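Everything on this sheet refers to the single structure shown next.
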Amino acid sequence: MTKMGKFIVFEGNEGTGKSTHIKKLSAYLKTINHDHIVTREPGGTEFGESIRSILLNSKSTLDPTSEALLFYASRIMNYKSVILSAMEAGKTVICDRFHYSTLVYQGLSQNCKEVCSLHNILDKIFSENISIVVYLDASVDTCFSRINKRQKSDKFELQGKDFLENIKKSYEVALKDIDRKFVVDTDQELEVVTRMIREKIELILDE
């Protein structure tokens, strides 16, 4: 019987370095011939990518609950058809955001009780197979500076410092009771953060 693969989730504010460190982790896993896939939310499937283009469009004016339901529609398909399938085949899955992002962005940061209730109902389903949540944290000033250097930004990245501060505080609430999380301060040098993440993931893979 094939051993179930690991499920590694990256979470964090805009500009904390999720994409950068996911790429670096994936590159490292390739050097040691560790079978893995990288997926993202929203996205991961053709259906999910279509939803992604709607949700991240700067002209989108959906209310928080409608946004959350679209995120969950994308997530359920990605989870069942991509993530679980890969894990059952023994592959490690690295996911750029998961259901905690919906709780933070559409729920806590906007005081939307409907989204928070939905998260509480579905949390057990989505969290039971997570091996580790890698939470990338950084100061609001650092995040804002990094975002402003980008040539292209989505609607969430176009928000100001108040938005980033709100998201940062909401993440602290969303993740406070999660045992299997690894918090990394990405205000540190890139090489330091890369090494910290790699060493933690090596321990997870050895479990």
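Where only DSSP H runs of four or more residues are counted, the chain gives -15000 deg cm²/dmol as its mean residue ellipticity at 222 nm, each run worth -39500 (n - 2.57). Spatially, segment 158-189 and segment 1-48 are offset by 19 Å when compared through their Cα centroids.
Can you compute the FRET efficiency between Phe182 and Thr20 using 1/(1 + (r/R0)^6), with r the Cβ-Cβ distance and R0 = 22 Å? Round to the nearest 0.05.
Result of the calculation: an efficiency of 0.85.
Rg and Dmax, both from the Cα atoms of the chain and both in Å, are 16.4, 50. In terms of distances greater than 21 angstrom between alpha carbons, the cross-link table entries Lys176/Lys200; Lys124/Lys168; Lys30/Lys124; Lys24/Lys91; Lys6/Lys168 yield Lys124/Lys168; Lys30/Lys124; Lys6/Lys168.
Taking other residues whose beta carbon is less than 13 angstrom from the beta carbon of Glu165, and scoring Lys, Arg as +1 and Asp, Glu as -1, yields -2. Across the chain, the relative contact order, built from alpha-carbon pairs under 8 Å that are at least six residues apart, equals 33 percent. Between Asp162, Asp185, Asp96, find the one with the highest GNM mean-square fluctuation for the chain; connect C-alpha pairs within less than 10 Å. Taking springs between Cα atoms under 10 Å, the residue moving most is Asp162. Counting every other Cβ atom within 10 Å of each residue's Cβ, Ile83, Ile54, Ile132, Ile32 order from fewest to most as Ile32, Ile54, Ile132, Ile83. Across all C-alpha atoms in segment 1-92, the radius of gyration and Dmax reach 14.9, 49 Å.
Close amide H pairs (under 5 Å, H built 1.01 Å from N) link Phe7 with Val93, Ser131, Ile132, residues at least 5 positions away or on another chain.
A short reminder: the numbers here are calculations on the coordinates, not readings from a lab. As the structure is a prediction and not an experimental result, all values here were calculated from the model. All Cβ positions, even for glycine, are placed from backbone atoms using ideal geometry, and neighbour counts span all protein chains on display.
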